[in-house]
1. Along the charge dipole of the stretch 76-222, pointing to its positive end and built from +1/-1 on Cβ of Lys, Arg, Asp and Glu, which listed residue (ALA149, ILE209, LEU179) has its Cα farthest out?
2. Over the alpha-carbon set of the chain, work out the extent along each principal axis and list the three values in angstrom, largest first.
3. What length, rounded to one decimal in nm, is gained on full extension from VAL81 through to VAL153, with 0.36 nm per residue of separation minus their alpha-carbon distance?
4. Tell me, what % of the accessible area of the stretch 27-103 is carbon and sulfur with a 1.4 angstrom probe?
5. What does the accessible area per residue of the stretch 29-89 come to in Å², with a 1.4 Å probe and no ligands, DNA or RNA counted?
6. Could you give me D for the stretch 52-114, from Stokes-Einstein at 20 °C and 1.002 mPa s, where the hydrodynamic radius is the Kirkwood radius over C-alpha pairs? Units µm² s⁻¹, please.
7. Please work out the FRET efficiency for the pair ASP94 and ASN201, using the Cβ-Cβ distance as r and a Förster radius of 41 Å; give the result to the nearest 0.05.
8. Test of understanding: express the Cα radius of gyration of the stretch 63-171 as a ratio to 2.2 N^0.38 Å, with N the residue count.
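The values are calculated or read from the model by the stated rules, or taken from the named source; none is laboratory data. Keep in mind that what you see is a predicted model, and the values were worked out from it rather than measured. Ideal geometry is used to build each Cβ from the backbone, glycine not excepted, and the neighbour counts take in all protein chains shown. Calculation scope for accessible area: heavy atoms of the full protein, side chains included, ligands and nucleic acids excluded. Shrake-Rupley method; radii C 1.70, N 1.55, O 1.52, S 1.80 Å.
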Amino acid sequence: LLAVTSAPPVIEITLPIYETFPYEANTPLIGQGEWLLNSGTSGTIETGNLDVTGLSPSAENRFTWTSASMSMRLPLGTNLVSGEIFFSFAMRVDTLGTSFNTDGTLAGFANGTTTTFGTKINVRTNGAGGFNLGVSKGGGTNFGDWSSANFNVGETIFVVGRYRFNSGNNTDDFCDLWLNPDSVTFGQTSAPPATISAVGNGGSDLSQINRFFFRSASSSSS
(Lines give C-alpha, C1' and ligand atoms only; values in the text may rest on other atoms or scores of the structure.)
Protein backbone atom coordinates (compact mmCIF):
# COMPACT_ATOMS: atom_id res chain seq x y z
CA LEU A 1 0.00 0.00 0.00
CA LEU A 2 1.53 3.32 -1.09
CA ALA A 3 0.19 6.83 -0.69
CA VAL A 4 1.82 10.10 -1.78
CA THR A 5 0.47 13.49 -0.75
CA SER A 6 1.72 17.04 -1.18
CA ALA A 7 0.22 18.20 2.12
CA PRO A 8 -0.04 16.80 5.67
CA PRO A 9 -2.81 14.18 5.79
CA VAL A 10 -6.14 15.59 6.97
CA ILE A 11 -9.61 14.14 7.20
CA GLU A 12 -11.28 13.59 3.81
CA ILE A 13 -8.24 14.81 1.89
CA THR A 14 -8.02 13.75 -1.76
CA LEU A 15 -4.63 12.15 -2.28
CA PRO A 16 -2.80 12.93 -5.53
CA ILE A 17 -1.70 9.27 -5.66
CA TYR A 18 -3.16 6.28 -3.81
CA GLU A 19 -1.76 2.97 -5.02
CA THR A 20 -3.43 -0.24 -3.83
CA PHE A 21 -1.69 -2.51 -6.39
CA PRO A 22 -4.96 -3.79 -7.91
CA TYR A 23 -3.06 -5.94 -10.38
CA GLU A 24 -3.11 -9.67 -11.06
CA ALA A 25 -0.94 -11.78 -8.75
CA ASN A 26 2.31 -13.21 -10.12
CA THR A 27 2.66 -10.49 -12.75
CA PRO A 28 5.53 -7.96 -12.97
CA LEU A 29 4.72 -4.43 -11.82
CA ILE A 30 6.36 -2.85 -14.88
CA GLY A 31 3.79 -1.42 -17.28
CA GLN A 32 0.93 -1.57 -14.77
CA GLY A 33 -0.62 1.64 -13.54
CA GLU A 34 1.98 4.35 -14.18
CA TRP A 35 4.97 2.31 -12.93
CA LEU A 36 8.21 2.43 -14.92
CA LEU A 37 11.25 0.17 -14.70
CA ASN A 38 14.24 2.48 -14.25
CA SER A 39 16.79 -0.35 -14.12
CA GLY A 40 17.21 -4.01 -13.23
CA THR A 41 14.37 -6.52 -13.04
CA SER A 42 10.80 -5.62 -12.06
CA GLY A 43 9.40 -6.94 -8.80
CA THR A 44 6.07 -8.75 -8.89
CA ILE A 45 2.54 -8.53 -7.55
CA GLU A 46 1.78 -10.96 -4.74
CA THR A 47 -1.53 -12.10 -3.28
CA GLY A 48 -2.42 -10.46 0.04
CA ASN A 49 -1.89 -7.09 1.66
CA LEU A 50 -0.54 -5.37 4.79
CA ASP A 51 -2.82 -3.76 7.38
CA VAL A 52 -1.92 -0.77 9.56
CA THR A 53 -3.62 -0.19 12.93
CA GLY A 54 -5.76 2.94 12.77
CA LEU A 55 -6.23 2.84 9.00
CA SER A 56 -8.95 1.14 6.98
CA PRO A 57 -8.14 -2.50 6.18
CA SER A 58 -5.97 -2.81 3.10
CA ALA A 59 -7.42 -4.21 -0.10
CA GLU A 60 -6.16 -5.61 -3.39
CA ASN A 61 -2.63 -7.10 -3.48
CA ARG A 62 0.94 -6.14 -2.54
CA PHE A 63 4.23 -5.48 -4.34
CA THR A 64 7.17 -7.77 -3.55
CA TRP A 65 10.76 -8.20 -4.69
CA THR A 66 13.85 -10.28 -3.98
CA SER A 67 17.55 -9.39 -3.84
CA ALA A 68 17.75 -8.89 -7.61
CA SER A 69 18.73 -5.36 -8.63
CA MET A 70 15.63 -3.25 -9.27
CA SER A 71 14.53 0.36 -9.53
CA MET A 72 10.80 0.99 -10.05
CA ARG A 73 9.59 4.58 -10.41
CA LEU A 74 6.14 6.11 -10.20
CA PRO A 75 5.68 9.52 -11.89
CA LEU A 76 3.83 11.97 -9.63
CA GLY A 77 2.31 13.93 -12.50
CA THR A 78 3.94 17.20 -11.44
CA ASN A 79 7.34 18.77 -10.79
CA LEU A 80 7.56 19.91 -7.17
CA VAL A 81 10.15 22.59 -6.38
CA SER A 82 8.92 24.12 -3.12
CA GLY A 83 7.02 23.40 0.09
CA GLU A 84 6.87 19.88 1.41
CA ILE A 85 5.72 16.49 0.12
CA PHE A 86 4.85 13.29 1.98
CA PHE A 87 4.70 9.60 1.12
CA SER A 88 3.57 6.62 3.19
CA PHE A 89 3.54 2.87 2.74
CA ALA A 90 3.26 -0.33 4.76
CA MET A 91 6.21 -2.71 4.45
CA ARG A 92 7.35 -6.12 5.62
CA VAL A 93 10.74 -7.82 5.31
CA ASP A 94 10.32 -11.57 4.78
CA THR A 95 14.01 -12.51 4.82
CA LEU A 96 17.24 -10.70 5.62
CA GLY A 97 19.25 -12.66 3.06
CA THR A 98 22.97 -13.43 3.15
CA SER A 99 24.14 -9.95 2.11
CA PHE A 100 21.83 -7.86 4.29
CA ASN A 101 24.74 -6.69 6.48
CA THR A 102 25.38 -3.70 4.20
CA ASP A 103 23.23 -0.57 3.99
CA GLY A 104 20.45 -0.96 1.42
CA THR A 105 17.92 1.43 -0.07
CA LEU A 106 14.19 0.66 -0.20
CA ALA A 107 12.25 3.73 -1.29
CA GLY A 108 12.09 7.49 -1.55
CA PHE A 109 11.68 10.50 -3.83
CA ALA A 110 13.67 11.11 -7.02
CA ASN A 111 13.99 13.45 -9.98
CA GLY A 112 13.44 11.62 -13.24
CA THR A 113 15.81 8.72 -13.80
CA THR A 114 18.65 10.14 -11.71
CA THR A 115 20.08 8.59 -8.54
CA THR A 116 19.99 11.83 -6.58
CA PHE A 117 17.47 10.84 -3.93
CA GLY A 118 15.42 12.64 -1.29
CA THR A 119 13.90 11.15 1.87
CA LYS A 120 15.71 7.94 1.00
CA ILE A 121 14.55 5.03 3.17
CA ASN A 122 17.53 2.85 4.15
CA VAL A 123 17.73 -0.58 5.78
CA ARG A 124 20.47 -2.54 7.55
CA THR A 125 20.74 -5.57 9.82
CA ASN A 126 21.04 -4.95 13.56
CA GLY A 127 23.27 -7.96 14.20
CA ALA A 128 20.63 -9.66 16.34
CA GLY A 129 18.42 -11.26 13.71
CA GLY A 130 16.46 -8.09 12.97
CA PHE A 131 17.00 -4.80 11.17
CA ASN A 132 16.91 -1.00 11.47
CA LEU A 133 15.48 1.67 9.18
CA GLY A 134 16.82 5.14 8.51
CA VAL A 135 16.44 8.13 6.22
CA SER A 136 18.93 10.24 4.28
CA LYS A 137 19.34 12.64 1.38
CA GLY A 138 21.56 12.18 -1.67
CA GLY A 139 23.76 9.13 -2.18
CA GLY A 140 24.83 6.86 0.67
CA THR A 141 23.76 7.50 4.26
CA ASN A 142 26.12 10.31 5.35
CA PHE A 143 23.43 12.99 5.22
CA GLY A 144 20.86 11.23 7.36
CA ASP A 145 20.35 9.10 10.45
CA TRP A 146 19.18 5.68 11.64
CA SER A 147 16.33 4.91 14.01
CA SER A 148 17.29 2.91 17.09
CA ALA A 149 14.07 0.86 16.79
CA ASN A 150 14.72 -2.81 16.08
CA PHE A 151 12.32 -4.56 13.70
CA ASN A 152 11.85 -8.26 13.06
CA VAL A 153 11.33 -10.35 9.96
CA GLY A 154 7.60 -10.71 9.29
CA GLU A 155 6.66 -7.48 11.11
CA THR A 156 4.47 -4.93 9.33
CA ILE A 157 5.84 -1.39 9.59
CA PHE A 158 4.05 1.82 8.63
CA VAL A 159 6.57 4.22 7.07
CA VAL A 160 5.91 7.93 6.50
CA GLY A 161 8.46 10.22 4.86
CA ARG A 162 8.59 13.95 4.17
CA TYR A 163 10.85 16.10 1.99
CA ARG A 164 11.00 19.82 2.84
CA PHE A 165 12.34 22.31 0.31
CA ASN A 166 14.31 25.25 1.71
CA SER A 167 15.54 28.25 -0.27
CA GLY A 168 18.81 29.13 1.49
CA ASN A 169 21.26 27.20 -0.70
CA ASN A 170 21.61 23.95 -2.66
CA THR A 171 22.21 21.71 0.38
CA ASP A 172 19.69 22.86 3.01
CA ASP A 173 16.57 20.81 2.22
CA PHE A 174 15.44 18.51 5.05
CA CYS A 175 14.07 14.97 5.28
CA ASP A 176 11.88 13.52 8.05
CA LEU A 177 10.84 9.95 8.86
CA TRP A 178 8.04 8.47 10.97
CA LEU A 179 8.02 4.76 11.82
CA ASN A 180 4.73 3.36 13.15
CA PRO A 181 3.35 6.77 14.20
CA ASP A 182 0.61 6.68 16.83
CA SER A 183 -2.77 6.20 15.14
CA VAL A 184 -4.31 8.90 17.34
CA THR A 185 -2.35 11.43 15.26
CA PHE A 186 -3.88 10.27 11.95
CA GLY A 187 -5.95 12.95 10.26
CA GLN A 188 -4.51 15.85 12.25
CA THR A 189 -3.57 19.03 10.41
CA SER A 190 -0.11 19.16 12.04
CA ALA A 191 2.38 16.31 11.91
CA PRO A 192 3.46 14.76 15.23
CA PRO A 193 7.16 14.71 16.23
CA ALA A 194 9.08 12.58 13.73
CA THR A 195 11.10 9.46 14.55
CA ILE A 196 13.99 11.11 12.68
CA SER A 197 13.67 14.82 12.00
CA ALA A 198 15.41 17.48 9.90
CA VAL A 199 18.27 15.41 8.47
CA GLY A 200 20.03 15.92 5.16
CA ASN A 201 21.61 19.35 5.66
CA GLY A 202 24.84 19.43 3.64
CA GLY A 203 23.76 16.81 1.10
CA SER A 204 22.79 17.72 -2.43
CA ASP A 205 19.21 19.00 -2.69
CA LEU A 206 16.86 17.74 -5.36
CA SER A 207 16.22 20.46 -7.94
CA GLN A 208 12.71 19.05 -8.22
CA ILE A 209 10.71 15.97 -7.22
CA ASN A 210 8.59 14.22 -9.81
CA ARG A 211 8.85 10.50 -8.99
CA PHE A 212 8.58 8.05 -6.11
CA PHE A 213 10.69 4.91 -6.23
CA PHE A 214 11.04 1.41 -4.81
CA ARG A 215 14.55 0.04 -5.14
CA SER A 216 16.66 -2.96 -4.27
CA ALA A 217 20.22 -4.17 -4.65
CA SER A 218 21.87 -7.31 -3.30
CA SER A 219 21.52 -6.00 0.26
CA SER A 220 17.86 -4.99 0.31
CA SER A 221 14.93 -7.29 -0.33
CA SER A 222 11.34 -7.12 0.83
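1. ILE209
2. Answer, in whole Å and largest first: 46, 39, 34 Å.
3. On the way: separation 72, 0.36 × 72 = 25.92 nm, distance 3.68 nm.
Residue separation times 0.36 nm, minus the Cα-Cα distance, leaves 22.2 nm.
4. Details: 1880 of 3770 Å².
With neighbouring chains kept in place, the figure for the stretch 27-103 is 50 percent.
5. Working: 2910 Å² over 61 residues.
Normalised by residue count, the accessible surface of the stretch 29-89 is 48 Å².
6. Details: Rh = 15.2 Å.
Once the numbers are plugged in, D ends up at 141 µm²/s.
7. Values: r = 35 Å, r/R0 = 0.84.
Efficiency computed from Cβ-Cβ geometry: 0.75.
8. Values: Rg = 14.6 Å, N = 109, 2.2 N^0.38 = 13.1 Å.
Working it through for the stretch 63-171, the quotient is 1.12.
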